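**Q** Mind having a look at this structure? Questions to follow.
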């Protein structure tokens, strides 16, 4: 639950239940309050297939309505990726059903610290603007996010941020179905970056690929995405997800990436 301190920062918050991109206003409540039972938020059958009902928490109706549209766009982007790579069976098992939208990076950082999701003695990078927390996605509001992170150039990149968080849920769904772990940080983030179509730069160099696989590219999301794409060019994505649980995954990935066995350069 989000802290009382953050509730005070946000003030009165409107909670919305969203289906098919439309928002219905409920009674104003502080963020973190419980409004619906889990049954209210289960995916439902529609003419377009299974569609999730989202509970959206934001400071005003306009922000919540915009977030409702954006999360639907993110779902569509992730669904297209899942169909392309044979992962569509896992999409309904993504647990997230709440979207909490923060009016500023400062408010988001306060949530991270107050909820013990970030070490108190470490600075939160400016590029950390969203978090997947199983049943909820937490994100900085779009205009504030675009202003904060110069890598994001417009609405489609912001859709990518939410798609990235949903992709973590997809990865978790695959892991649970196969009872496997999720691989190293670069791999988990690289998968989500590829799924979201973010940071699609030039192919990664051999030096940088080895650098990433040796765990030395700390929070370099561009390189994470490029490294995962290099592997996905050679093997099916599902095979990569399943193989990441193996103790010899790094050596295998280096071979798949065309570099042979690992060294610690």
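The values are calculated or read from the model by the stated rules, or taken from the named source; none is laboratory data. Bear in mind that the values here come from a model prediction, so they are computed numbers and not experimental data. Cβ: placed from backbone, ideal geometry, glycine included. Neighbour counts: every protein chain shown.
**Q** Being touching a residue at least 60 places away in the same chain (Cβ under 8 Å) and surrounded by 23 or more Cβ atoms within 10 Å (Cβ to Cβ) is true for just one of 192, 227, 196, 244. Which residue is that?
**A** Only one candidate qualifies: 196.
**Q** Residue check: is residue 146 closer than 30 Å to residue 66 by Cβ, out of contact with any helix residue (DSSP H, G or I) (no Cβ under 6 Å at 6 or more places or on another chain), in a helix (DSSP H, G or I) and at pLDDT 90 or above?
**A** When the stated conditions are applied, residue 146 passes them.
**Q** Related question: Give me the residue from region 111-123 that is surrounded by 11 or more Cβ atoms within 10 Å (Cβ to Cβ) and more than 14 Å from residue 139 (Cβ to Cβ) and, out of that set, nearest to the chain's Cα centre (by Cα).
**A** 118
**Q** Is it the case that region 153-171 has a residue that's surrounded by fewer than 22 Cβ atoms within 10 Å (Cβ to Cβ), outside any strand (DSSP E or B), over 17 Å from the mean Cα position of the chain (by Cα) and in contact (Cβ under 8 Å) with a residue 12 or more places away in the chain?
**A** No, that holds for no residue.
**Q** How many of the residues in region 175-192 are part of a helix (DSSP H, G or I) and either at pLDDT 95 or above or within 17 Å of residue 249 (Cα to Cα) (or both)?
**A** 10
**Q** Among the residues of region 198-213, are any in a loop (DSSP other than H, G, I, E, B) and at positive phi?
**A** Scanning region 198-213 turns up at least one residue that is in a loop (DSSP other than H, G, I, E, B) and at positive phi.
**Q** Counting only residues that are part of a helix (DSSP H, G or I) and in contact with a strand residue (DSSP E or B) (Cβ under 8 Å, 6 or more places away or on another chain), which one in region 58-71 is farthest from residue 171 (Cα to Cα)?
**A** If we take residues in region 58-71 being part of a helix (DSSP H, G or I) and in contact with a strand residue (DSSP E or B) (Cβ under 8 Å, 6 or more places away or on another chain), then 61 is farthest from residue 171 (Cα to Cα).
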